[in-house]
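**Q** Before we start, here is the structure in question, set down as structure tokens.
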Amino acid sequence: MNGKTILAIAGFIATIAALAFVPFVVGPYGVTLMIGMLGYVVLATAWALFSGPTRYVSLATVAFFGVGAYTVAVFSESIPYPLLLLVAAGIGLGVALVVGIATLRLAGVYFVIFTFGLAELIRQLVTWYEVNVTGTLGRYIFLPITPEGIYWQLLALAAITFAIAWWIGRSRIGLALRVIGDDEVVAVHCGINITGVKLALFGLSCTIITLVGAIQAPRWTYVEPSIAFNPTISFLTLIMALLGGAHRLTGPLLGAVPLFLMFEWLSANFPNHYSIFLGLIFIAIVFVLPRGVLAFIEERWTLWRRNEPVSGRTADE
Amino acid sequence: MSELLTITGLTKRFGGLTAVNAVSFSIVRGEVIGLLGPNGSGKTTVLNMISGHLSPTGGTIALGEETISGLAPNRIALKGVARTFQLVRGLPSLTVRENVVASLAFGRRKLWGEEADREALRRLEEVGLAGRAEHSAQDLTYIDQKRMELARALAADPELLLLDEWLAGLNPTELRTGIDLILSLKERGITILLVEHVMDAIRAVCNRCVVMNAGRKIADAPTAQALADPHVVTAYLGDAHA
Amino acid sequence: MLVTALLSGLVLGGTYALVAMGLTLQYGIARIMNLAYGEMIISAAFLAYVIYTGYGINPVLGLLITIPAGFAFGYVIYGVMMKPLVARARDKASLEIDSILATFGLLFVIQGVLLVTFGANFTSYNYLNVAVELFGTNVAANRLLALVLALTVGGALYLLLTRTLWGTALRAVAVSPASAPLVGIDVNKAARYAFAIGGGLAAAGGVVISMYQTFTATSGVVFTMKALIVVIMGGVGNVVGALSAGLILGVVETFVATYVDPGLTLAATYGIFLAVLLWRPSGLFGRRAG
Amino acid sequence: QERTSVKIGYAVSKTGPNAGGAGITTIPNYELWVKDVNDAGGLEMPDGKKLPIEVVEYDDRSSSEEVVRAVERLAAQDEVDFILPPWSTGFNLAVAPLFDRYGYPQLAVSSVTDKAPDFVKRWKKSFWMLGGGHDYAEALAKVIADASKAGTINNKVSMISVADGFGIDLVTAARPAFEEAGIEVVYDKTYPAGTTDFSPILNEVMSNGADTFVAFSYPPETFALTQQAQVADFNPKILYLGVGTGFPIFAKNNGANAEGIMSLGGVDPRNEANNAYRKRHEEVTGKAPDYWGSVITYASLQMLQEAIKRKGLDRDAVSEELSTGTFKTVLSDETKFEDNQLRQLWWTGQWQNGVFVGIAPEDRPGASKATLPRQAWKKN
Amino acid sequence: MLEVSDLSLHYGHHAALDHVRIRVGRGETVVILGANGAGKSSLLKAIAGIRAPDRGASIMFDGRSLTDLPAHQVLETGIALVPEGRGVFGDLTVEENLALGAYAMRARAHAAESRAFVYELFPKLRERSSQYVNTMSGGEQQMVAIGRALMSRPELLMLDEPSLGLAPVVVGELFRSLGRIRERGLALLIVEQNVRMSLSIADRGYLAEAGRITGEGTAESLMNDKAVQQAFLGGAA
Ligand SMILES: Nc1ncnc2c1ncn2[C@@H]1O[C@H](COP(=O)(O)OP(=O)(O)OP(=O)(O)O)[C@@H](O)[C@H]1O
Ligand SMILES: Nc1ncnc2c1ncn2[C@@H]1O[C@H](COP(=O)(O)OP(=O)(O)OP(=O)(O)O)[C@@H](O)[C@H]1O
Ligand SMILES: NC(=[NH2+])NCCC[C@H](N)C(=O)O
Ligand SMILES: [Mg+2]
Ligand SMILES: [Mg+2]
């Protein structure tokens, strides 16, 4: 470990520690805002953990998010809270492995839409089960968890997610993912067990996503499939990660935070023209930042540092 | 004398087309064998089956004593079979060095970190690409990509190396270098199965040639003898080489 | 009962197919993953609503206005928004990402404009809501129209794409855009027309749907996703695939509703879609994943 | 310093799947009320002073997470004086803990729940104004049973319901209620929200001999069912449909064919205050209100207005007043909560002569008499 | 017929071509020899309009400037390219590939005639006319690529390493075919590593090195040139 790494780790720990104090400074609305933002940061980062390097764009995010939320809703009365999270994570992982095995043969847009279909299928099945087997629809969550508690849990999850993503980025498995993303045929011929690697990472990514759903659910009091499995969540996660730059550690973060704040600002200030402004800004971003927020920042940075034109390509594309 | 690779009755059908039809041959450890044949005669398909990229419709492939047909390509790779592709398959978003590290890290060596980087550079030097190690793989010319592919295959530390038209497109000077490189690999004891249309190279490096036509084996003999076979001349070489 | 179910299924599937064909052209040939596709459908539905309730022009006749409008809209959008993205795209994947992001923005703009103009209300009107008797079953004329239109459009597109040189050129652009200029195809123009035709088809779908389905300014995404499912199930860029997949989904839904449980119709739709992909990873008529 | 206005905030679905419902029942009434109040000089305080309303509005984009955040923002950031509730049962529940924590009265209108008696205990300042599934189901059971006893119809019912909180609440209440009333349910299926084609279901129920067809449906399906029943020439003697039946567009699209169709809600056609309200709603917002939730939404706002007039801006006092006071609203001259729930409601209504009138509870003053059986579809 | 001058081309900072100047006369066959990475492919791509050259370049064909024409219009002027890596439409059939070869306005009327010629040149393509090209072997695909280019009735046919990956017997045939194509009055601009074969059908040749043209001469003089022999004909048998 060189000096730079140690500095980076120290910086990371300091940032997390500082963020942990935020609830004492910002007031309740600030905490709410941070919860929403952190939620998406974790979702986008966890999503990019698998989808970034392998380029398997997944729209199944909400399936896992919803499974997390639903698990909490179903068992909130019968299982003590910390264990509840574990159970949710376990269910999420189990579903992820089944899904992972099912999707192994799919590539490109077929994978994308398959995962979307899958999320919808899960939602339909949960609905059907609730209606026909338990005879109710909609469940109540009355857990004594404060917003601050939710915030800290999310922060911890974020810290863990970043640590894992960072570790993967410099480990062998990170390289394996990038090789898979480029050419699976080459990957197997290099000796990579692509099934294993893909399953492991998909499982990991989905487990984290499940936990986000599980942690956030107590905020809603009432959960029903249309609430827990709202496909917007899948789309926003994907958009945030892509906009930031899905193949780097901090890319999703740099997509999630500004977008989230933009949504919030627009909907607060232009409740009636929100969609139009949002759309226009979005299109503008795509045109102005062709390679994502992170790449843009890096380019400006090199430009400023070296004061010379940047070359057309960077190694990571 | 021990057989490294034994192929028996190997067959591959694509729908109605039998691309490889009951082909049998074997390769002795340390040999360099040419696999020749007209375009579409099934050579690449044979390589694809050996490396596990395609699974055979019939027949078996054995590496040493062990049957490898039907295994996943990564399992076969770990048993010491490495290959290049007829249409190069670089990993465009990785650097040239990382392309090589990919096979060091997951192949038989399991090298990682600085050690892997050093080893990768050594491999790149071998094929004359050390200078471009930090370039993005997609900026290489076609030929350089082929070099990189060879470095990647070598990094797997193979016992059996499958080269699919690796020398195609080299000019005579480069060809010379290429041939020397293959010869040096042979020196090192790597067994090579070479698919090639460049006769000069075949003559220079192959002990023996297996010739295919329309999916069938039509000759299997020491190089000079195989190339003089009248069937081979009509089907493959044409009058100019007679 | 069987005939009735089959017929209802085909009629329902006609709607799905009609909606999907435009998208398969836009994505398959112009390579634009158009997330605003459903909004184009809804816009056409509102247009039909306005010209029917406002000007008394019947929606079928109104197709003469709405289809060209959809075509023109697609033509302009491609020229203004997509062309620069195509020009700067390094490869297929980056164009895909760019088009997803850009049309995601477009989706909101169209939706916003519709919301401001028409509000968030459920909109619906009745037209051609009369029974037509077919094989002893009553079918709604407006839904039958969707099926007829889907079959006609599908057939026409199929012939265009496979039997004419221009159509073959469009497919060439679809499979290897980089090589198309080598034979003198103006890729940009071909893609633009494909996208515009897709716009016209979206408009046709929107008009027909508006005759029997309730819509709101924000319901576009439902159509986008349904269309995507059909497109993928049929195989990207394959018109016959979209047509068959649409009809299959319609029939499956109806059969499940009739013989199993109406509560499982959507589950069955997604289930069959997933099953098809597991069996054929590139869709019913797809040739290797792209 | 002197107060110059009253800040009132709300977060409601202006976009997303819920926008269709919110856009008919909730948003126009909020806007109408604010305009009515401000045109009259503002909200009247106990001292007779009038303060204009200043509105802070957010779009929850039909997302639970958003609605929770938006309400927290209204309470903590904007520090508004009162918060109006969002649309739908689920969202009202999602924000209930926040209203409670910040001490705002929650006048939940567009929310049908049998759990209201529990909720008012959990959240003391919550008010539930649209009844619960069993209210509607029992009323309907009585209508059917009476008609059956009178020999107008047989006692068989086909019943479908949308697979979401609303549909399931109603259907689970309906099953025992129907059984109790001696009604035989011969078809009982649930369909997923978003279903557009009901022909398979209609084909089934057309031949099963039931004179009554009940659908606990949402607007798009209500409209589709009406259309498709006409195509199929399906003529049950009682046709009961869900949300959307009372929407103005329903009458407009179906004209004379709406006659006799039943649903939840209704009005007393002789209630002048209500008629005046409907007229003003149409004038100001450009569209007619629906016949179920709209008028109650407006009434809830009048109650709030009146409570403020009596108690000022003290939220505890206002809540207390709402709980105990009696108010004059467009519903009646004496509108009041019983255990924080509004019970003077029309559980069943029917289209009669172009008006969706309340027919149950039949002993409630102003109730119309059900006309049975329903006329067959007129071909147009 | 083709006059190229001051042609430079950069990839980022890297100069692939540096003020290149070449010409091809009507009906003439010209080869370009050069090491790997010399910029030969880049040159052909620039002429074909696939790569935009740097400002200041001049590419004239029959007195018409091609410099700013997009690729699909360059083809209409009568220049066809068989690119390296073939550029065939893998997901279309042989038949369709050939049909598209005649997509250009100049070629449409003669499509049937051109097809007959191509099938005569490569009989295998006739047998396989309904096969999807991406299931064909490397050599078969090369035939499709050349056939497709011929379908556009070019006056100048540019071939980028056409013998790459072909069996010797096919290479022999190919060059014989190229000889016949040449006899029909087509000009050929060939980039080839098979120097001996290509010079044997060529009139003239250029030597390219690191983005520059470093020599030119008649086929015969090049064949006998010591340096050329050293670099390109090698010592190999
Ligand atoms: N995936 C496939 N589907 C259908 N046919 C195939 C497939 N792959 C190869 N073929 C056919 O099998 C035959 C053998 O192909 P192969 O690639 O093995 O030839 P080859 O000997 O390597 O030829 P070349 O020297 O031209 O590379 C060819 O006719 C080819 O068209
Ligand atoms: N797309 C590209 N991006 C960056 N550099 C490139 C690109 N294509 C070619 N080059 C560089 O331009 C130079 C010339 O390449 P070109 O392909 O024209 O050479 P060539 O003479 O055809 O070589 P070969 O014999 O290998 O085909 C090479 O140094 C190559 O690395
Ligand atoms: N038109 C109305 N008032 N609708 C209110 C219905 C109740 C609400 N839709 C719910 O989710 O339960
Ligand atoms: Mg081959
Ligand atoms: Mg080249």
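The values are calculated or read from the model by the stated rules, or taken from the named source; none is laboratory data. Computed from a predicted model, the values in this text were never measured in an experiment. A quick note on method: Cβ atoms are made from the backbone with ideal geometry, for glycine too, and the neighbour counts reach across all protein chains shown.
**Q** Looking at region E:1-15, can you tell me whether even one residue there is surrounded by 15 or more Cβ atoms within 10 Å (Cβ to Cβ), of a type in the set (S, T, Y), more than 26 Å from E:R182 (Cβ to Cβ) and in contact with a Gly (Cβ under 8 Å, 6 or more places away or on another chain)?
**A** yes
**Q** Moving on to the next point. Among the residues of region E:143-197 satisfying the criterion of being on the phi > 0 side of the Ramachandran plot and of a type in the set (D, E, K, R), which is nearest to ligand 1 (Cβ to nearest atom)? Let's see the steps before the verdict.
**A** Filtering region E:143-197 for residues on the phi > 0 side of the Ramachandran plot gives E:153, E:161, E:165, E:185.
Checking which are of a type in the set (D, E, K, R) leaves us with E:153, E:161.
Numbers: E:R153: 27, E:E161: 15 Å.
The residue in question is E:E161.
**Q** Can I ask one more? Is it fair to say C:T265 is out of contact with any His (no Cβ under 9 Å at 6 or more places or on another chain), within 25 Å of C:S124 (Cα to Cα) and without any contact (Cβ under 8 Å) to a residue 40 or more places away in the chain?
**A** Working: out of contact with any His (no Cβ under 9 Å at 6 or more places or on another chain): yes; within 25 Å of C:S124 (Cα to Cα): yes; without any contact (Cβ under 8 Å) to a residue 40 or more places away in the chain: yes.
So C:T265 fits the description; yes.
**Q** List pairs: first in region D:241-255 and more than 18 Å from C:F215 (Cβ to Cβ) and of a type in the set (G, A, S), second part of a helix (DSSP H, G or I) and within 12 Å of ligand 3 (Cβ to nearest atom), Cβ under 9 Å, 6+ apart or cross-chain?
**A** Between residues of region D:241-255 that are more than 18 Å from C:F215 (Cβ to Cβ) and of a type in the set (G, A, S) and residues that are part of a helix (DSSP H, G or I) and within 12 Å of ligand 3 (Cβ to nearest atom), the close pairs are D:G242/D:F166; D:G242/D:G167; D:G242/D:L170; D:G242/D:P219; D:G242/D:T222; D:G246/D:G293; D:G246/D:S294.
**Q** I've got another one for you. Can you tell which of C:A202, C:A190, C:A227, C:A178 is within 13 Å of chain E (Cβ to nearest Cβ), assigned to a helix (DSSP H, G or I) and either at pLDDT below 90 or touching a helix residue (DSSP H, G or I) at 6+ places or on another chain (Cβ under 6 Å) (or both)? Working first, answer last.
**A** Values: C:A202 fails: within 13 Å of chain E (Cβ to nearest Cβ); C:A227 fails: within 13 Å of chain E (Cβ to nearest Cβ); C:A178 fails: assigned to a helix (DSSP H, G or I).
Step by step, each of C:A202, C:A190, C:A227, C:A178 is checked, and only C:A190 is within 13 Å of chain E (Cβ to nearest Cβ), assigned to a helix (DSSP H, G or I) and either at pLDDT below 90 or touching a helix residue (DSSP H, G or I) at 6+ places or on another chain (Cβ under 6 Å) (or both).
**Q** While we're looking at this one, here's another question. Anything in region A:270-286 that is more than 7 Å from every other protein chain (Cβ to nearest Cβ), without any contact (Cβ under 8 Å) to a residue 12 or more places away in the chain and not in a loop (DSSP other than H, G, I, E, B)? List them, or say none.
**A** A:F277, A:A284
**Q** Hey, any hits in region C:261-281 for a residue that's in contact with a helix residue (DSSP H, G or I) (Cβ under 8 Å, 6 or more places away or on another chain), more than 9 Å from chain D (Cβ to nearest Cβ) and not in a helix (DSSP H, G or I)?
**A** Scanning region C:261-281, I find at least one residue that is in contact with a helix residue (DSSP H, G or I) (Cβ under 8 Å, 6 or more places away or on another chain), more than 9 Å from chain D (Cβ to nearest Cβ) and not in a helix (DSSP H, G or I), so the answer is yes.
**Q** Can you tell me which residue is farthest from the other protein chains (Cβ to nearest Cβ) among those in region B:74-87 that are among the small types (G, A, S) and buried (at least 23 other Cβ atoms within 10 Å of the Cβ)? Explain how you work it out, then say what you get.
**A** Pass one, region B:74-87, residues among the small types (G, A, S): B:77, B:80, B:82.
Applying the additional criterion that residues be buried (at least 23 other Cβ atoms within 10 Å of the Cβ) yields B:77, B:82.
Values: B:A77: 4, B:A82: 7 Å.
Across region B:74-87, the extreme among qualifying residues is B:A82.
**Q** Taking A:L121, is it of a type outside the set (V, I, T), at the interface with another protein chain (Cβ under 7 Å from one of its Cβ atoms) and farther than 22 Å from A:I209 by Cα? Can you show your working first?
**A** On the way: of a type outside the set (V, I, T): yes; at the interface with another protein chain (Cβ under 7 Å from one of its Cβ atoms): yes; farther than 22 Å from A:I209 by Cα: no.
When the stated conditions are applied, A:L121 does not pass them.
**Q** Here is a further query. Taking D:A75, is it buried (at least 24 other Cβ atoms within 10 Å of the Cβ) and of a type in the set (A, V, I, L, M, F, W, C)?
**A** Against the criterion (buried (at least 24 other Cβ atoms within 10 Å of the Cβ) and of a type in the set (A, V, I, L, M, F, W, C)), D:A75 does not qualify.
**Q** For the structure I just gave you, tell me whether B:L63 is touching a helix residue (DSSP H, G or I) at 6+ places or on another chain (Cβ under 8 Å) and within 16 Å of ligand 2 (Cβ to nearest atom). It would help to see each step written out before you state the result.
**A** Numbers: touching a helix residue (DSSP H, G or I) at 6+ places or on another chain (Cβ under 8 Å): yes; within 16 Å of ligand 2 (Cβ to nearest atom): no.
The answer is no for B:L63.
**Q** Now a separate question. All but one of (1) buried (at least 19 other Cβ atoms within 10 Å of the Cβ); (2) more than 9 Å from chain B (Cβ to nearest Cβ); (3) free of Cβ contacts under 8 Å to residues at least 60 places away in the same chain hold for E:R126; state the number of the condition that does not hold.
**A** (1)
**Q** Considering only helices (runs of 4 or more DSSP H) fully contained in region C:31-113, which possess at least 2 residues that are more than 14 Å from chain A (Cβ to nearest Cβ) and buried (at least 24 other Cβ atoms within 10 Å of the Cβ)?
**A** On the way: elements: C:37-49, C:59-77, C:83-88.
Of the helices (runs of 4 or more DSSP H) lying wholly inside region C:31-113, those with at least 2 residues that are more than 14 Å from chain A (Cβ to nearest Cβ) and buried (at least 24 other Cβ atoms within 10 Å of the Cβ) span C:37-49, C:59-77.
**Q** When the residues of region D:112-122 are narrowed to those that are surrounded by fewer than 20 Cβ atoms within 10 Å (Cβ to Cβ) and not in a helix (DSSP H, G or I), which ends up farthest from ligand 5 (Cβ to nearest atom)?
**A** Initial filter on region D:112-122 (surrounded by fewer than 20 Cβ atoms within 10 Å (Cβ to Cβ)): D:114-115, D:117-118, D:120-122.
Subsequent filtering for residues that are not in a helix (DSSP H, G or I) retains D:114-115.
Details: D:D114: 77, D:K115: 75 Å.
Taking the candidates together, the pick is D:D114.
**Q** Within 18 Å of A:N230 (Cβ to Cβ), within 13 Å of another protein chain (Cβ to nearest Cβ) and touching a helix residue (DSSP H, G or I) at 6+ places or on another chain (Cβ under 8 Å): is that true of A:G135 in this structure? I'd like the intermediate steps shown before the answer.
**A** On the way: within 18 Å of A:N230 (Cβ to Cβ): no; within 13 Å of another protein chain (Cβ to nearest Cβ): yes; touching a helix residue (DSSP H, G or I) at 6+ places or on another chain (Cβ under 8 Å): yes.
No: the conditions fail for A:G135.
**Q** Out of region E:166-200, which residues are hydrophobic (A, V, I, L, M, F, W, C), assigned to a helix (DSSP H, G or I) and under 26 Å from B:G37 (Cβ atoms)?
**A** Going through region E:166-200, the residues hydrophobic (A, V, I, L, M, F, W, C) turn out to be E:166-167, E:169-171, E:174-175, E:178, E:181, E:186-191, E:195, E:197, E:199.
Filter once more, keeping what is assigned to a helix (DSSP H, G or I): E:169-171, E:174-175, E:178, E:181, E:195, E:197, E:199.
Selection gives E:V169, E:V170, E:V171, E:L174, E:F175, E:L178, E:V195, E:M197.
**Q** Give the residues of region D:91-111 that are in a loop (DSSP other than H, G, I, E, B) and either over 18 Å from the mean Cα position of the chain (by Cα) or without any contact (Cβ under 8 Å) to a residue 60 or more places away in the chain (or both), sorted by residue number.
**A** Within region D:91-111, D:G103, D:Y104, D:P105, D:S111 qualify.
**Q** Just checking, which of C:V116, C:V139 is on the phi < 0 side of the Ramachandran plot and away from chain A (no Cβ under 14 Å)? Before you say what the answer is, go through the steps one by one.
**A** Values: C:V116 fails: away from chain A (no Cβ under 14 Å).
Being on the phi < 0 side of the Ramachandran plot and away from chain A (no Cβ under 14 Å) holds for just one of C:V116, C:V139, which is C:V139.
**Q** Can I ask one more? Collect the residues in region B:166-216 that are away from chain E (no Cβ under 11 Å) and either among the polar types (S, T, N, Q) or within 16 Å of ligand 3 (Cβ to nearest atom) (or both), keeping them in residue-number order.
**A** Selection gives B:S184, B:T191, B:N207.
**Q** So, B:A219, is that one among the small types (G, A, S), facing chain E (nearest Cβ under 10 Å) and more than 16 Å from ligand 3 (Cβ to nearest atom) or not? Please lay out each step first, then the result.
**A** On the way: among the small types (G, A, S): yes; facing chain E (nearest Cβ under 10 Å): no; more than 16 Å from ligand 3 (Cβ to nearest atom): yes.
So B:A219 fails the test.
**Q** Can we say B:G90 is within 16 Å of ligand 5 (Cβ to nearest atom) and either at the interface with another protein chain (Cβ under 10 Å from one of its Cβ atoms) or under 23 Å from B:E159 (Cβ atoms) (or both)?
**A** Yes: the conditions hold for B:G90.
**Q** Please count how many residues of region A:115-142 are crowded, with 16+ Cβ neighbours inside 10 Å and over 30 Å from C:L278 (Cβ atoms). Spell out the reasoning first.
**A** Taking region A:115-142 first, the residues crowded, with 16+ Cβ neighbours inside 10 Å are A:115-128, A:130-131, A:137-141.
In the following step, the residues that additionally are over 30 Å from C:L278 (Cβ atoms) were identified as A:138-141.
Of the residues in that region, 4 qualify.
**Q** Tell me which residues, restricted to region E:82-98, are modelled with pLDDT of 90 or more and either within 13 Å of ligand 5 (Cβ to nearest atom) or surrounded by 21 or more Cβ atoms within 10 Å (Cβ to Cβ) (or both). Lay out the reasoning, then the answer.
**A** Restricting attention to region E:82-98, the residues satisfying the condition of being modelled with pLDDT of 90 or more are E:82-83, E:88-89, E:92-98.
Scanning region E:82-98 gives E:V82, E:P83, E:V88, E:F89, E:L92, E:V94, E:E96, E:N97, E:L98.
**Q** Which condition from (1) in contact with a Ser or Thr (Cβ under 7 Å, 6 or more places away or on another chain); (2) in contact (Cβ under 8 Å) with a residue 40 or more places away in the chain; (3) within 24 Å of A:G30 (Cβ to Cβ) is the one that D:F166 breaks?
**A** Going through (1) in contact with a Ser or Thr (Cβ under 7 Å, 6 or more places away or on another chain); (2) in contact (Cβ under 8 Å) with a residue 40 or more places away in the chain; (3) within 24 Å of A:G30 (Cβ to Cβ) one by one, D:F166 breaks only (3).
**Q** Does B:A105 satisfy the condition of being at the interface with chain A (Cβ under 8 Å from one of its Cβ atoms), without any contact (Cβ under 8 Å) to a residue 60 or more places away in the chain and in contact with a helix residue (DSSP H, G or I) (Cβ under 6 Å, 6 or more places away or on another chain)? Explain how you work it out, then say what you get.
**A** Details: at the interface with chain A (Cβ under 8 Å from one of its Cβ atoms): yes; without any contact (Cβ under 8 Å) to a residue 60 or more places away in the chain: yes; in contact with a helix residue (DSSP H, G or I) (Cβ under 6 Å, 6 or more places away or on another chain): yes.
When the stated conditions are applied, B:A105 passes them.
**Q** Could you list, in sequence order, all residues of region D:14-55 that are among the hydroxyl-bearing types (S, T, Y) and more than 8 Å from chain C (Cβ to nearest Cβ)? Walk me through how you get there before you give the answer.
**A** Start the filter on region D:14-55 by keeping residues that are among the hydroxyl-bearing types (S, T, Y), which leaves D:15, D:25-26, D:30.
Result: D:T25, D:T26, D:Y30.
**Q** Another question about this same structure. Looking at region D:247-262, which of its residues are within 13 Å of another protein chain (Cβ to nearest Cβ) and either on the phi > 0 side of the Ramachandran plot or touching a Leu at 6+ places or on another chain (Cβ under 8 Å) (or both)?
**A** Within region D:247-262, just D:G255 meets the criteria.
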